[in-house]
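Shown next, in structure tokens, is the structure this report addresses.
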Amino acid sequence: MDFWLMVAGFVGLIILILLLNRWYCMATISNETITVSDKGIVVDSVGTGDGAYTVSHHMIYTTNGQALKNTNNIWFWKFHSDELQGKLKKGKKYRIKTWGVRVAWLGMYKHIISATEVKVSSRKKNVKKSK
């Protein structure tokens, strides 16, 4: 087989994988309202011996039992996951935009794209009673 044909096939495969990833990210976008119950950083060890390293990511846990990942993502031009993690407060309600699906046995989570705090109005409405 010709060398350049192999290179073209490899490049084509990489482009196909990137396009499928992009499609998956865009096809699974959703919006929802959550209340943060907890948040933290998960650190995983990968490998053993001299080749071992650690990987970490931010997690947000909600009052309805969801676990959401908060990571940077080039497809959505999101490069502020650290700042977003600091702004999210326990007990507060947020309108979030996510991508992805939760598949527990594959270790897949929904990923937070953006979050906006939902302001709870404390004003009481004056209700006139009829006589």
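The values are calculated or read from the model by the stated rules, or taken from the named source; none is laboratory data. If you're wondering where the values come from, they're calculated on a predicted model, not measured in any experiment. Methodologically, a virtual Cβ is constructed for each residue, glycine included, from the backbone with ideal geometry; neighbour enumeration extends over all protein chains shown. Ligands, DNA and RNA are excluded from the accessible area calculation, which covers all protein heavy atoms including side chains. Shrake-Rupley method; radii C 1.70, N 1.55, O 1.52, S 1.80 Å.
Okay, here's what the table says:
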| item | result |
| --- | --- |
| Every residue from segment 63-80 that is aromatic (Phe, Trp, Tyr) and either in contact with a Phe, Trp or Tyr (Cβ under 9 Å, 6 or more places away or on another chain) or at negative phi (or both) | 75, 76, 79 |
| Checklist (1) touching a residue at least 60 places away in the same chain (Cβ under 8 Å); (2) closer than 24 Å to residue 118 by Cβ applied to residue 65, failing item | (1) |
| From the options 74, 41, residue that is at pLDDT below 90, open to solvent by 60 Å² or more (accessible area, probe 1.4 Å) and closer than 24 Å to residue 116 by Cα | 74 |
| Qualifying residue in segment 19-27 (condition: of a type in the set (S, T, N, Q), open to solvent by 50 Å² or more (accessible area, probe 1.4 Å), without any contact (Cβ under 8 Å) to a residue 60 or more places away in the chain and touching a Phe, Trp or Tyr at 6+ places or on another chain (Cβ under 7 Å)) | no |
| Number of positions in segment 50-80 that are outside any strand (DSSP E or B) and closer than 14 Å to residue 110 by Cβ | 5 |
| Selection count, segment 15-49, where residues are part of a helix (DSSP H, G or I) and over 24 Å from the mean Cα position of the chain (by Cα) | 1 |
